1. Taking into account only those residues within the range B:344-353 that are over 9 Å from the mean Cα position of the chain (by Cα) and aliphatic (A, V, I, L, M), which is farthest from the other protein chains (Cβ to nearest Cβ)?
2. For residues that are surrounded by 12 or more Cβ atoms within 10 Å (Cβ to Cβ) and among the small types (Gly, Ala, Ser), tally how many sit in the range A:79-104.
3. If you go through the range B:234-260 one residue at a time, how many are outside any loop (DSSP other than H, G, I, E, B) and more than 10 Å from chain A (Cβ to nearest Cβ)?
4. Can you work out which of the residues in the range B:331-343 that are touching a Phe, Trp or Tyr at 6+ places or on another chain (Cβ under 7 Å) and within 25 Å of B:Gln58 (Cβ to Cβ) is farthest from the other protein chains (Cβ to nearest Cβ)?
5. If I ask for residues that are without any contact (Cβ under 8 Å) to a residue 40 or more places away in the chain, among the aliphatic types (A, V, I, L, M) and within 14 Å of chain A (Cβ to nearest Cβ), which ones from the range B:187-228 would you list?
6. Only one residue in B:Ser246, B:Ser199, B:Ser227 is among the hydroxyl-bearing types (Ser, Thr, Tyr) and surrounded by fewer than 23 Cβ atoms within 10 Å (Cβ to Cβ), so which one is that?
7. Scan A:Ser73, A:Ser45 and give me the residue that is farther than 30 Å from B:Leu282 by Cα and more than 10 Å from chain B (Cβ to nearest Cβ).
8. Tell me the residue from A:Arg117, A:Arg54 that is touching a residue at least 12 places away in the same chain (Cβ under 8 Å) and in contact with a Lys or Arg (Cβ under 7 Å, 6 or more places away or on another chain), please.
Amino acid sequence: MNLKIRLYIIVTLLALGLGVALIKAGFLQLVRGSALKELAERQYSRVTHYSSFRGDIVDRQGRLLATSVGVHSLYAEPRRMNRPDQVAKTLKHAMPSLTNAQLERLSSDRSFVWLARRLDPNISRRIEDLKLDGIGVSQEEQRFYPNHGLLGQTLGFVTIDGQSLGGVERAFERYLKPKSWSALSLQDARNRPIRSYLAPNSEDLWGDQITLTIDRNVQFVAEEVLAQTVRAHGAKGGWAIVMKPKTGEILALANVPLINPNKHEKNSIAKRNNAISRTGEPGSTFKMVTFATAYDLGLIHPEEKIYCEKGKWDLGYMVIKDIIAKEYLTPEEIFKYSSNIGTYKIAQRIGKDKFYEAIKRFGYGELPGLNLLEEARGYVSKPETWGLARFANVSFGYGIMASSLQMALMVSTIANGGVRVPPKILKNIQRANGEVYNPLPEYRPVRVLSEQAAQAMTQIMVSDTESGTGKRAAIAGVKVAGKTGTAEKLSESGRYAKHLNLSSFAGFAPADNPQIVALVTIDEPRGVAFGGYVAAPAWREIVEAALIQEGSVL
Amino acid sequence: MISRLILISSLSLLLLGIVIVYSSSAIVAHLGYHDSIFFLKRQLFYALVGVGVFVGAQYVDPAYYRKYAYYLYVLAIALLVLVLVPGIGKSAGGAARWISLGVIRIQAGEIFKFALVVYLAMSLAKKAERMTLFRVGIVPHLLLPGVAMVLLLLEPDFGTTVIVALVTFVMLFIGGARVAYLLGAVLLAIPVAIQVISSSPYRMARVMAFLDPWTHRQDSGYQVVQSLMSLGSGGWFGLGLGQGPSKLYFLPAAHTDFILAVIGEELGFVGILFVIACFACLLFCGFWVALKSKDNFNTYLASGLTSVIAIQAVLNTFVVMGLVPTKGLTLPLVSYGGSSLMVACLMIGVLFRLARGLKQ
């Protein structure tokens, strides 16, 4: 073997070595590249969670009803701590309110523990300045309701862990709550951040703003008046609905006693939004359906006199009594004096089936359409199942279940010339970038009554407030149409109890150009319980305020 | 032509090295020394000195190396001994490899590699036909480097030991030693190598990590796995200069022994291809010089110097790609490091001088 060949052999071997390296590089980079890259990225990247905030809830004028603020919470990473006892000592010094139980969490084997949540910002800053290893302060969202109890039941609330419970908070959660942002960031092997990808813009961290149709001022007056009325009559509670008949917009949805969503842990019983969720027998207010249907079908004549059995009518299968006993009454008088006997006689002219259809057309037994989860459907049984007594009972408001909202909707339909415009509480939603949208389907108005029938109804409702049971609802200078209601509640024994009443007043104003529909219910007033006595004055005060705010009449 | 290729490819590697040293060390330097160009400055300085050495080598007739080969060799061995003397030798990472001369620290192993090649070239040329004899061809040429290898292992510098062993065999083979004797020596070396490896826990761990890096990725296999991931991240064209995250404490020795991984990560397969092409070019040019040299000493010197660079390049790429266990070797001309760079420049300088000599 001469020198030349030996040189060739060596150069070939070394070149082979370089070739092998190149092939291996190709394999690693071009064949296994993406898999290796993924592994590499896994160790460089950390997911950072950004605290995001629910959108505000505002009233129709943009006045704040609910908002979110950032609060500081103190956490510890016990596994990263070398001397938990020393850390505990330093912490205790900086924040004396820390209990021993809280400090003991430092010695646990957990990787993450909350020490204290929702700190005073001064304290959190002091602790941050200590720069303790394994102790950190993070920002959390706290929901804040600046008007305290105002609209409490309707707004709902949000727990410390960001869970929405009830009301607008829950129903419109998906618009209010922003996408939870966790962005990928690059970190070095010593866990120092290098750069982040997909870091959210500040507007991404805010949920959409919900504008309600509620008017904060009307809401406030409604709650005040209700509270006074409830107090004056020693009642259990009360609720009121104020809405605009033409658009179906709810201006106020008041429930007394109030709850304060800022302190939602308490008041668990009062959380119910009675105005929309409670169903019960509607009582005489429901006579509007009977009258309106009879007018619509041309079954009553204003001049006619109907025999009212001198206040007591024994039908064999039941006895119907009137509070005001008369021999003959015009339809208007029947309505005004709230005669059960007269009302049933009118209902008999309509017949079960047509009457049932009319009830359904008014929206009873269906969700009114606010899209709140608490809304009640109520219940109307099928006419085939009605016995003779049931038909009589339904005609004057017993034997069916309805919510106050459904009754307000009925009044609104009459005020609206017989057209049912579904109620709504969501005005619109605004994204953080300013874009406005409304995700709810637009309901089409439904004609329930002829214009003439609605007119006739308005007339008898006006006479009710001018000379009937609803006189106390009259507003000086404004024609008011309304109907009182005094429904007996079923006691716990399952019987109607004379002393357990729901006193209500439902109506609209001005009668000739309806701007405001309202319904006020007072739950179990003591003493005189007539709706005209208990609820009508409250109704007047609320509607006056609403007209000033929205109707531009007074 | 050949000399120009040598110049172009080695300059390319040198310049690429400076860029990548900066890319891979800037952040670590900033955090460690509050000076992001801490390593860049030094590498630039070494490169300048290296160029000086290269230029200086042009004025030295290769015959002088032959003449002073013994002295050079003895000096190099002496340095290897000095490294082991406490107070003079400086250690880094558990190994004493440097001799401190005030501000300048010299890695004795690097100088020895040059001295070894010169000595072997001289000796092989002198022995010539008698190389086939065991007594003449094998014994002295294994004994003298053997002493150095023992000294190197004492530092310990396993990487350089392997280079020395391989270069010795390559040069003996080229010099005409009988293949049977060489094979016999290899067979004898195997138990010694096994003993050397198994006696040291960290070498054992490296072997285990080499055999199955992914199961040991948290400890002994960490570096290799990081290296593989860095390379893999590069794909065809890399993440872009400076864009690779591996140097952020993930990949140990990113600017020294594993600089090729950073090249692969930031410049991709194309970058690796470029580096390997440059070394291949040096390899072929070096052996071309060896082949064309009329003088046997020049042939052995050229092929020996080229072999040192090529073997070290191959081993370094193999380590980075997980083909052989980790052993602490720089990539010649590219990796950060003064002694390594200057000795590489010296070797290239001598090679260039020999190439230029061919024309005359």
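1. B:Leu346
2. 2
3. Qualifying residue count, the range B:234-260: 1.
4. Among those that are touching a Phe, Trp or Tyr at 6+ places or on another chain (Cβ under 7 Å) and within 25 Å of B:Gln58 (Cβ to Cβ), it is B:Gly338.
5. Hit for the range B:187-228 is B:Val225, nothing else.
6. So the residue among B:Ser246, B:Ser199, B:Ser227 that is among the hydroxyl-bearing types (Ser, Thr, Tyr) and surrounded by fewer than 23 Cβ atoms within 10 Å (Cβ to Cβ) is B:Ser199.
7. A:Ser73
8. Answer to the selection: A:Arg54.
The values are calculated or read from the model by the stated rules, or taken from the named source; none is laboratory data. Treat the numbers as computed from the prediction; the structure is a model and nothing was measured. Reconstructed Cβ throughout: ideal geometry from the backbone, glycine too, with neighbour counts over all protein chains shown.
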